[in-house]
Amino acid sequence: MSDTNKTLLRGAQVLGGEPRDVLIEGERIAAVGTGLGADGATVIDAAGQILLPGLVDLHTHLREPGREDSETVLTGTKAAAVGGFTAVHAMANTFPVADTAGVVEQVWRLGKESGYCDVQPVGAVTVGLEGKKLAELGAMHDSAAGVRVFSDDGKCVDDAVIMRRALEYVKAFDGVIAQHAQEPRLTEGAQMNEGIVSAELGLGGWPAVAEESIIARDVLLAAHVRSRVHICHLSTAGSVEIVRWAKSKGWNVTAEVTPHHLLLTDELVRSYNPVYKVNPPLRTEADVMALREALADGTIDCVATDHAPHPHEDKDCEWGAAAMGMVGLETALSVVQHTMVDTGLLDWAGVADRMSTRPSAIGRLTGQGRPIAAGEPANLTLLDSAYRGEVNPAGFASRSRNTPYEGRELPGRVTHTFLRGRATVVDGKLA
Ligand SMILES: [Zn+2]
């Protein structure tokens, strides 16, 4: 990694605006202006490139401890840096589960050692993700990892009393429960979205109501106990309506959408290619359009990758046996450019808000998601938005290759990522 103390980004379009020079000194932005002197700094010609605050992911599966065959904290944070991220929240469904101070501290320490990206561990809501008994939420918060986001992601906290207690508990330290909304009984044997395609293919359906009913219950619970709930990976038009209603009431509800739910539909399942198997499943074109509109108008607060690496043997099998999930860190910004910016739904300032400012605020991170201004930490992402290229998983920094975009042309390429002033990516390659 480059240890250059001073870097001058020449002519970068800050949040897509007019060209500016941005001087980085040590860990911070020293100046933003025009015609800044280079004065011994490493100069990067950023003309025509978009400068964004370093991206923040609320939903990453780093798989360590326990599934290092699919990803490690080191390989996952490398993938994050390549994708323009400077902070990720590491989900708790590891082996062992991150349900104690010891495990979250282990993940937090591995993140520090990786040096590519900040790693904020997410703590499990219940012991072993079993949904029966609250995990040590307070101890995880009080640990060195300082956990504020709790989730049983991969599983739904389906017991209403447990969910209520968790929401009440985290109020003491301004925590948030991130819910994987999936009513378990309604999704038994589910293989894909329930609809016309599932009926034609004869595959078990995962109905929209299984997501929407849990979201409806949880926004009501959060309002009832005056706590904070975050909805993971919203995937249906109906879910959008519920979140919009909850927000209109002034309740403390936030929501995320994944890049793949902004682009892909259940029509792809006709290929029986397990690369399209994901939870929640790919929905319909109408859902995709509703999700895009909701992200544009702010009903959905942020994009979160749900980066879910799986080894080849868990995906290269028949549809029914394949694991659910897709990698997403290295393609997220390109998919958002393609679906939101190139369609005119969001400008670059909007992308900065939905992929950095808001996710950082939801996770209560400090030093991330900050404005690009003098004195702020130099967590930055430089993007060549004019680039067009086919996705080639062979070149991924992630240990896994289960991308649904292989061979697809997507716009945009992260050329540089800076973590507190240090380049983690230079010219599109890990530094
Ligand atoms: Zn999930």
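Charges at C-beta only: +1 for Lys and Arg, -1 for Asp and Glu. How large is the resulting dipole of the chain about its Cα centre, in Debye rounded to 20? Could you put the intermediate results ahead of the total?
Working: 40 positive and 56 negative charges, 190 e Å.
That gives a dipole near 920 debye.
Hey, how much of the P(r) for the range 252-378 falls beyond 25 Å, as a percent of Cα pairs? Please report the intermediate quantities before stating the final value.
Numbers: 2507 of 8001 pairs.
Pairs farther apart than 25 Å: 31 percent.
Report in % the part of the accessible area of the chain that belongs to carbon and sulfur, leaving out ligands and nucleic acids; probe 1.4 Å.
49
Given a 1.4 Å probe, how much area per residue of the range 243-286 is accessible, in Å²? Could the numbers behind the result be given before it?
On the way: 1620 Å² over 44 residues.
Per residue, the range 243-286 has an accessible area of 37 Å².
Which is farthest toward the positive dipole end of the chain among ALA361, HIS307, GLY428, measuring Cα position about the Cα centre, with Cβ charges +1 (Lys, Arg) and -1 (Asp, Glu)?
In the chain, that residue is ALA361.
Over the chain, what is the relative contact order in whole percent, taking alpha-carbon pairs under 8 Å and six or more residues apart?
On the way: 1092 pairs, mean separation 87.0, N = 431.
Computed over the chain, the figure is 20 percent.
With a probe of 1.4 Å, find how much accessible area the range 288-431 has per residue, and write the answer as a whole number in Å². Walk me through the numbers on the way to the answer.
Numbers: 5170 Å² over 144 residues.
Computed with neighbouring chains in place, this is 36 Å² per residue.
In vacuum, with every alpha carbon of the range 74-230 counted as one equal point scatterer, what does the Debye formula give for log10 I(q)/I(0) at q = 0.13, 0.17 Å⁻¹? Two decimals, please.
At q = 0.13, 0.17 Å⁻¹ the computed log10 ratios are -0.67, -0.98.
How much of the pair distance distribution for the chain lies past 33 Å, counting alpha-carbon pairs only, in percent? Present the calculation step by step, with values, prior to reporting the outcome.
Numbers: 27073 of 92665 pairs.
Of the Cα pairs, 29 percent sit more than 33 Å apart.
Given only helices, namely DSSP H runs of n ≥ 4 each adding -39500 (n - 2.57), what is the per-residue ellipticity at 222 nm of the chain, to the nearest 500 deg cm²/dmol?
On the way: 13 runs with 113 residues, N = 431.
Per the formula, -7500 deg cm²/dmol.
Show me the helices of the chain, taken as full DSSP H stretches, that run 15 Å or more along their long axis by Cα and average 0.5 or above in Kyte-Doolittle hydropathy.
Numbers: long enough: 101-114 (20 Å, -0.23); 160-170 (16 Å, 0.76); 208-224 (24 Å, 0.88); 237-248 (17 Å, 0.14); 285-297 (18 Å, 0.18).
Sorted by number, the helices that extend far enough and score high enough are 160-170, 208-224.
Write down the Kirkwood hydrodynamic radius of the range 250-319, to one decimal in angstroms, obtained as one divided by the mean of 1/r over all alpha carbon pairs. Mind showing how you got there, number by number?
On the way: mean 1/r = 0.0743 Å⁻¹.
Kirkwood radius, the range 250-319: 13.5 Å.
Counting Lys +1, Arg +1, Asp -1, Glu -1, what net charge surrounds ALA38 among other residues with beta carbon under 11 Å of its beta carbon? Mind showing how you got there, number by number?
Numbers: positive: LYS6, ARG10; negative: ASP21, ASP39.
For residues surrounding ALA38, the net value is 0.
Output ³J(HN,Hα) for the range 379-389: one whole-Hz value per residue in order, computed from phi by the Karplus curve 6.51 cos²θ - 1.76 cosθ + 1.60 with θ = phi - 60°, and x for Gly and Pro.
Listing the rounded values in order: 9, 9, 10, 10, 10, 8, 7, 7, 5, 10, x Hz.
The values are calculated or read from the model by the stated rules, or taken from the named source; none is laboratory data. Note that this is a predicted model, so its numbers are computed, not measured. FYI the Cβ positions are ideal-geometry reconstructions off the backbone, even for glycines, and counts take in every protein chain you see. Heavy atoms of the whole protein, side chains included, go into the accessibility calculation; ligands, DNA and RNA do not. Shrake-Rupley method; radii C 1.70, N 1.55, O 1.52, S 1.80 Å.
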